[in-house]
Amino acid sequence: MNHYENQLVKSNHTRWVRLAIISVLLCMVIGAHWLTPVSTHSWHGIHLILRLLFFIPVVLAAIWFDLRGALIVALTTTVLYLPHVIIQWEGQFGENMNQLAELVVIWLSALLTGLLAGKEKSALLQVAATHEGAVIALVSALDAREHDTELHSLRVREYALRLGRQLDIGDHELGVLGQASLLHDVGKIGVPDNVLLKPDSLTEDEWRLMRAHVVIGKQILQPVSFLREASEIVYCHHEKFDGSGYPRGLKGEEIPLSARVFSIVDAYDTIVSKRPYKSEVAPAKARQKIAADAGGAFDPHIVEAFLAIPQEEWEQAGKVV
Ligand SMILES: [Fe+2]
């Protein structure tokens, strides 16, 4: 299952949980109406409060399911509430008129909150699409200079998200990890062509220029508010667990978790891919190489999680782009 399919399954789960919450709330409110006597004045006050509780599932439905959800809950409320009104409040005309007015207000609330929630959701989706577009534009800019970077970036995003989920990293952190995976080498835009595209091995001075890509990447991304967190991962993506990486030689847990996750999948994709300077390596062999570097370049705990994911899943994740 790729990232998008997983997201879909997850959002389906969330949808069912939300539906269950709304259904339970409705049942509780209607149950309380039936169980509360209608005879005395003080019980009547309780009914007035109970009627207000119908607004909670309606508003929740508007927020979670937009206008259609809010209207369905308003309809369900009407269907559930009417038998109570007709049977338990039979013959009390004045009271029946109040209850009818209450139902009208519930329908109006469903309509208004549903429309507002739908508007806000489409604005948020537009912002998310703009962010994604900006990230892809930056990756494409680098790809124009160093070909195949875009595909590598898309693949490592798939891998990083898969490994992140294996480690139970939260949704927000996964989002940031996804951005950082796409943009990890964006700083190479600032590396001169004679170094970036050199087919032979680099001199020490050229390596110095190449290593600067993590600093340049951070400088490019940090001023962009929605990429600020990702810029830290970009800055640390060549740090190594044993402290032998760059730019700061951070060690162990001094390196942000997402950067430790990313460095494993970046290495995996590089090992299994064909490059001008090397041929591709079989995934099984690549896994052995990663395992052999646990505690060296890579966090052993994360290597364990990496190896716990079946090889076929890694191969599948690499095919989505
Ligand atoms: Fe890099």
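The values are calculated or read from the model by the stated rules, or taken from the named source; none is laboratory data. All of these numbers come straight from a predicted model, not from anything done at the bench. Cβ sites come from the backbone with ideal geometry, for glycine too, and all protein chains shown count toward neighbours.
Taking S231 as the residue in question, decide whether it is in the same structural domain as W314 (by TED's automatic domain parsing), within 12 Å of the ligand (Cβ to nearest atom), at pLDDT 95 or above and surrounded by 19 or more Cβ atoms within 10 Å (Cβ to Cβ).
Answer is no for this residue.
Do we have any residue at all in the range 219-227 that's within 16 Å of H152 (Cβ to Cβ), buried (at least 19 other Cβ atoms within 10 Å of the Cβ) and within 16 Å of the ligand (Cβ to nearest atom)?
Within the range 219-227 (the criterion being within 16 Å of H152 (Cβ to Cβ), buried (at least 19 other Cβ atoms within 10 Å of the Cβ) and within 16 Å of the ligand (Cβ to nearest atom)), the answer is no, since none of the residues qualifies.
All but one of (1) under 23 Å from E312 (Cβ atoms); (2) part of a helix (DSSP H, G or I); (3) of a type in the set (D, E) hold for E280, so report the exception by its number.
(2)
Go through (1) closer than 19 Å to L163 by Cα; (2) of a type in the set (A, V, I, L, M, F, W, C); (3) touching a helix residue (DSSP H, G or I) at 6+ places or on another chain (Cβ under 7 Å); (4) away from the ligand (no atom under 13 Å from the Cβ) for L250 and report which single condition fails.
(1)
Run K240 past the list (1) farther than 23 Å from A128 by Cβ; (2) under 16 Å from the mean Cα position of the chain (by Cα); (3) within 13 Å of the ligand (Cβ to nearest atom) and report the number of the one that doesn't hold.
Result: K240 fails condition (2) only.
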